[in-house]
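The values are calculated or read from the model by the stated rules, or taken from the named source; none is laboratory data. From a predicted model like this one, the values you see are computed outputs, not experimental measurements. Neighbour counts run over all protein chains shown; Cβ positions are idealised from the backbone, glycine included. Protein only, heavy atoms only, side chains kept; ligands, DNA and RNA dropped before computing areas. Shrake-Rupley method; radii C 1.70, N 1.55, O 1.52, S 1.80 Å.
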Amino acid sequence: MLLIDDFQDNGGLTRLGTPWRLVTDRVMGGVSAGRMSREEIDGRRALCMRGEVSLDNNGGFIQLNLDLNPRGYLDASRYTGIQVVVRGNGASYNLHLKTADVRLPWQSYRSSFQTGPEWREIRLPFQSFEPHRIGVPLDTVRLDRLGLVAIGRAFTAELCVAQVGLYRDPPVP
C-alpha cells in the first residue's frame, strides 16, 4: 500500500507533501457551505468535512481535495485502486480523480461509497471509476488530484477520513 495520508502530525501536509483544501460550489456562484477540521475520533486522527450542500444557483457540492504530486503527476499504474478509512452520517459520497487528461473543472473520474457511524475501510478499484463529462478512459499513470465530494443533492454532509492510500491486490496465481 502507498499511504497518502493518515493524518498524523505532518505539519498539515499529506505524506506526499501536499495540503488538503476545502472547495465549495461558491467558486462558481453556488451557495453550499462547508468547513474542514482535523479531529481525533474514537482514537483515530482524521480530517472531517461538514456542511450543507445546496442546489441553489446551480450549485451542489462541497469537497476536500489534494494534489497527488507537488511536482507533476502520480503514477498509480502498479496499484489496484484507492483505499479510504471513513465514517459519516450514513450518506453516500464520491471520490473523484483528476488526471493529465482533465482540462475542465467539471470533468473527473468518479466512484461512490456509503458511510456509516463506525469507521470502515472502503476499497474503490480504479475500474469502478466512471468518466464524467470526459471522453477518455482513466489513465492511472498520470493522476493529478483526489477529491472526497458531497455532491448532487441538497443534504447535510458529514464525512471524516482517517486514512487514504493506494492498494494493490495480490497477483492471481
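Once ligands and nucleic acids are excluded and a 1.4 Å probe is used, how much of residue 144 is accessible, expressed in Å² to the nearest 10?
Estimated to the nearest 10 Å², residue 144 gives 50 Å².
How high is the relative contact order of the chain, given as a whole-number percent (alpha carbon pairs under 8 Å, six or more residues apart)?
For the chain, the relative contact order is 31 percent.
DSSP loop trypsin sites (Lys or Arg not before Pro) in the stretch 51-91 with at most 14 other Cβ atoms within 10 Å of their Cβ, which ones?
Here the sparse-neighbourhood loop sites are 71, 78.
What is the spread of the Cα atoms of the stretch 1-43 along each of their three principal axes, largest first, in whole Å?
37, 25, 21
If you consider only alpha-carbon coordinates, what radius of gyration and Dmax does the stretch 71-140 have, in Å?
Spelled out, the Cα radius of gyration and Dmax of the stretch 71-140 are 13.2, 37 Å.
Just to confirm a number: summing +1 for Lys and Arg and -1 for Asp and Glu over residues other than residue 15 whose beta-carbon lies under 10 angstrom from that of residue 15, what do you get?
-2
What is the log10 of I(q)/I(0) for the stretch 7-106, computed with the Debye formula using one identical point scatterer on each Cα and no solvent, at q = 0.11, 0.17, 0.18 Å⁻¹?
Once normalised to I(0) and log-transformed, intensities are -0.41, -0.99, -1.10.
Could you please state how large a percent of the accessible area of the stretch 16-71 is carbon and sulfur, counting protein chains only and using a 1.4 Å probe?
Roughly 45 percent, rounded to a whole number.
Given H placed 1.01 Å from N in the peptide plane, which residues other than close sequence neighbours of residue 89 have an amide H under 5 Å from its amide H?
158
Provide the net charge surrounding residue 86, with neighbours chosen by a C-beta distance below 12 Å and charges set as Lys +1, Arg +1, Asp -1, Glu -1.
+1
Largest first and in whole Å, what are the equivalent-ellipsoid semi-axes of the stretch 34-173 based on the Cα gyration tensor, each being the root of 5 times an eigenvalue?
With the √(5λ) rule applied to the stretch 34-173, the semi-axes are 24, 20, 13 Å.
So what's the net charge close to residue 156: Lys and Arg +1, Asp and Glu -1, counting the other residues with Cβ under 9 Å from its Cβ?
Net of charged neighbours comes to -1.
Which of 131, 19, 105 ends up with the largest GNM mean-square fluctuation for the chain, with Cα atoms connected below 10 Å?
Among 131, 19, 105, the largest GNM mean-square fluctuation belongs to 105.
Taking 7 Å along the Cα-to-C-beta vector as the label spot, tell me the residue 92-residue 45 distance in nanometres, rounded to one decimal.
3.4
What translational diffusion coefficient, in µm²/s and rounded to a whole number, does the Stokes-Einstein relation yield for the stretch 126-173 at 4 °C and a viscosity of 1.567 mPa s, taking the hydrodynamic radius as the Kirkwood radius over Cα pairs?
Value of D from the Cα-based Kirkwood radius: 90 µm²/s.
Quick one: Cα centre-to-centre distance for the stretch 145-161 and the stretch 46-119, in angstrom?
Answer, in whole Å: 7.
What number, in percent, do you get for the relative contact order of the stretch 1-70 if the mean sequence gap of Cα pairs under 8 Å and at least 6 apart is divided by its residue count?
35
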